[in-house]
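These notes are about the structure you will find just below.
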Amino acid sequence: MSRTTKKLIGRGAFYLFLVVIVFYTVFPFYWAIVSSLKTGSELFKVEFWPSDPAWDNYVAVFREQPFGRNILNSVFVAVSTVLLSLSLAVAAAYALGRIQFRGRTTLLFVVLGVSMFPQIAVLSGMFELIRAMGLYNNLFALTLSYMIFTLPFTVWVLTTFMRELPKELEEAAIVDGAKPYTIVTKVFMPLMGPALATTGLLAFIAAWNEFLFALTFTLSSEMRTVPVAIALISGASSYELPWGNIMAASVIVTVPLIVLVLIFQRAIVSGLTAGAVKG
Amino acid sequence: MSTVVVAAEEIVAPPEKASRLTRERVRSAWLFMAPMLVVLALVAGWPLARTMWFGFTDANLSDLAAAEFIGFVNYVYLLQDPDWWNAVWNTVVFATISVSIETVLGMAIALALNAHFGGRGLLRAAVLIPWAIPTVVSAQMWGWMFHDVFGVINEGLKVLGLIDEPIAWTASPDTALIAVILVDVWKTTPFMALLLLAGLQMLPQECYESARVDGVHPVRVFFKITLPLLKPALMVAIIFRVLDAFRIFDLIYVMSGNNKDTMSMSIYARQQLVDFQDVGYGSAAATMLFLIIALFTVVYLTLGRIGRED
């Protein structure tokens, strides 16, 4: 076999591999879209495009549960989670990234360690706390409890970023007599746009995605967030799941997320790897 | 002589002004960290302590205040409960197989993404899709694909002539865990691929140049150059994923609920806690899971610090 043939086969195999990967990653989503457009008994036939596509399932999703409200709930929780985590994390990151003090490394590792907590291990304690604070079936319960997984990585990534900022700027500000608060807000914050956007986005996705706390701390269907709503979509009887509706709800929720992720690809990839590789 | 003494004094005893500045900065450091630390103590520290406490009581969800201390009774019962050990086994099998597949597949995808070819952006975008989709949604999408009667997977297997009868993927004890593992692999491989890609992009290029000049076969290049250089990043990614896999809840709960064949430790603990309302026993199980993970985490962090001397 000549070298050119070997090279061609190698290339062919490579591109075949790529096709398989793309098919494997995209097919389930494509299938969800196709299924959501099928109505009635069409769902029970395996066709690769519905012979009679209709929006019935999408209408039903909004009719049979307060899905619009559920989406708003998720948006509210995700946005408030991002705002709270970022404010807490930026302040902490300045201290951890720019100021030398005893116990700094230990503290960083403790914060990182919290990200390893299994959610179930804090569930009973959190449940008691939420009830004591009168936040049961209230979305703020979620905003607060989500700090347990957003704070570790936002603090860690922002600290890594803060460390890289030039010392000269800070020294100049100190010489001018600036207080730390001014240094953070006037000198560093303007430089942190990309880092804040990246960690904010990751925190948003994590909060949007969360299931266990949202399931446990909410009671009524109006207070549910999207993941809980999708998990609990039920049909006429307990054995009859309305798969068309479930697929429609899945598509509604996923399309904006995919668009977001595709637009911010680079930011997400750098954010995900910043903490892991450097930290 | 005096110059040496003065210089030594400056090194050993910094001027008064710098010392005050340092002390001020350290004070403001703690001030800046305080809100974050308070919140973390509130949502992580306190609930964890509470859960550990509940593990030593007979607390019940209907009346938490009436809990009474009963010592290690819950733990004794836990370690003898076959359902608990079943959950531990499921979790270990799940973690081992998932992470292995994700590592191999992730490595392959990372290598592909690292190569230069047209359409690389498309591959990266496609690969991010499973990661972007919420876990609950993935569970539902795959649950539908795995449906025993109307699922496209059974249909595809039948068309390919691999099976005659449709497989009840999530209901049958033989296949339930496999189905869950397949979905987790689909969902998490992108993350592994990205971590490994970051590691690959940080490797020194000189070795590859000389290997190319010497005409070394790509497969040998991978095993003799890439893999050894990548080992630190690989270890970090694997251990991180294993710790994560041990905590698995969302995916399994939405795909197969409290099914014993797929029950992980988290699901077991939650069932005791919420469904059976046995807060004492459920908390003991949850604490056990926490301790297992904490042990692994401490080992991981210690090894990490030893390897990095910062």
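Only the coordinates and a few stated rules stand behind these numbers; no lab work does. Quantities reported herein were computed from a predicted structural model and do not represent experimental measurements. Heads up, the Cβs are rebuilt from the backbone with ideal geometry, glycines too, and the neighbour counts pull from every protein chain shown.
Anyone know which of B:Met33, B:Met202, B:Met235 comes out most mobile in the 10 Å Cα GNM of chain B? Answer for the Gaussian network model of chain B: B:Met33. In degrees from 0 to 90, rounded to the nearest 10, what is the angle of the helix A:3-36 Cα long axis to the longest principal axis of chain A? Value to nearest ten degrees: 80. Put simply, the amide H of B:Thr57, placed in the peptide plane, has neighbours under 5 Å in B:Ile70, leaving out anything fewer than 5 places away on its chain.
A DSSP coil position with no more than 12 other Cβ atoms inside 10 Å describes the following trypsin sites (Lys or Arg not before Pro) in the range B:213-310: B:Arg308. Eigen-decomposition of the gyration tensor built on the alpha-carbon atoms of the range A:44-94 gives equivalent ellipsoid semi-axes of 41, 15, 6 angstrom, largest listed first.
Starting from the Cα gyration tensor of chain A, take the square roots of the eigenvalues, sort them a ≥ b ≥ c, and report rounded, prolate or oblate (rounded when a/c is under 1.5, otherwise prolate if a/b is larger than b/c, else oblate). Cα axes put chain A in the oblate bin.
Here the convex hull built on the C-alpha positions of the range A:3-44 has a volume of 65 cubic angstrom per residue.
Measuring nothing but how far apart in sequence close Cα pairs (under 8 Å, 6+ apart) lie, relative to its length, chain A scores a relative contact order of 30 percent. Within the same chain, lysines fewer than 8 places from A:Lys179 are excluded, and of the rest, those with a Cα less than 24 Å from its Cα are A:Lys167, B:Lys17.
Counting only GluC sites (Glu not before Pro) that sit in a DSSP loop (anything but H, G, I, E, B) with at most 16 other Cβ atoms within 10 Å, what is the longest stretch of chain B containing none of them?
Between exposed loop sites, the widest span is B:69-308.
Here the relative contact order of chain B, from alpha carbon pairs under 8 Å that lie six or more residues apart, stands at 28 percent. For the range A:52-82 versus the range B:262-296, the inter-centroid distance based on Cα atoms is 32 Å. What you get for chain A, charging only the Cβ of Lys and Arg (+1) and of Asp and Glu (-1), is a dipole of about 1020 debye around the Cα centre. An oblate overall shape is assigned to the range B:27-142, the ratio a/c of its alpha-carbon gyration tensor axes (a ≥ b ≥ c) being 1.5 or greater and a/b not exceeding b/c. Suppose each label sits 7 Å from its Cα in the direction of the beta carbon; what would the A:Phe27-B:Ser62 distance come out to in nanometres? Those two pseudo-labels are separated by 5.0 nm. The Rg/Rh ratio for the range A:71-138, using Cα coordinates for both the radius of gyration and the Kirkwood hydrodynamic radius, is 1.07. Centroid-to-centroid, using Cα positions, the range A:92-164 and the range A:182-251 are 18 Å apart.
Checking understanding here: applying a Kyte-Doolittle mean of at least 1.0 and a length along the axis of at least 20 Å (C-alpha), which whole DSSP H helices in chain B pass? Within chain B the helices that satisfy the rule are B:82-114, B:176-201, B:227-246, B:279-306.
How many Cβ atoms of partner chains, on average, are near each residue of B:23-30 if near means within 10 Å of its Cβ?
Average neighbour count from other chains, rounded to a whole number: 5.
Taken residue by residue and averaged, Cβ atoms of other chains lying within 10 Å of the Cβ of A:14-21 number 4.
Among the listed pairs A:Lys38/B:Lys158; A:Lys7/B:Lys224; A:Lys45/B:Lys260, those whose Cα-Cα separation exceeds 24 Å are A:Lys45/B:Lys260.
The alpha carbons of the range B:79-190 give a radius of gyration and a Dmax of 16.8, 58 Å, in that order.
Decide, for chain B, between rounded, prolate and oblate: order the square roots of the alpha carbon gyration tensor eigenvalues as a ≥ b ≥ c, take rounded if a/c falls under 1.5, and otherwise choose prolate if a/b is larger than b/c, else oblate. Taking the square roots of the gyration eigenvalues as a ≥ b ≥ c, chain B is oblate. For A:Ala231, neighbours were defined as the other residues whose beta-carbon sits under 11 Å from its Cβ, and their charges (Lys and Arg +1, Asp and Glu -1) total 0. Mean-square fluctuations from a GNM of chain A, with a 10 angstrom spring cutoff on Cα atoms, peak among A:Phe14, A:Phe149, A:Phe76 at A:Phe14. The packing ranking, built from the mean of other Cβ atoms within 10 Å per residue, places the peptides A:240-252, A:179-191 in the order A:240-252, A:179-191, highest first. Counting Lys and Arg as +1 and Asp and Glu as -1 over every other residue whose Cβ lies under 15 Å from the Cβ of B:Ile163, the net charge comes to -4. According to the Cα-based calculation, Rg over Rh for the protein assembly as shown is 1.00, with Rh computed by the Kirkwood formula. The distance separating the Cα centre of the range B:228-245 from that of the range B:124-145 comes to 23 Å. Averaged over the residues of peptide B:290-296, the number of Cβ atoms from other protein chains lying within 10 Å of each residue's Cβ is 3.
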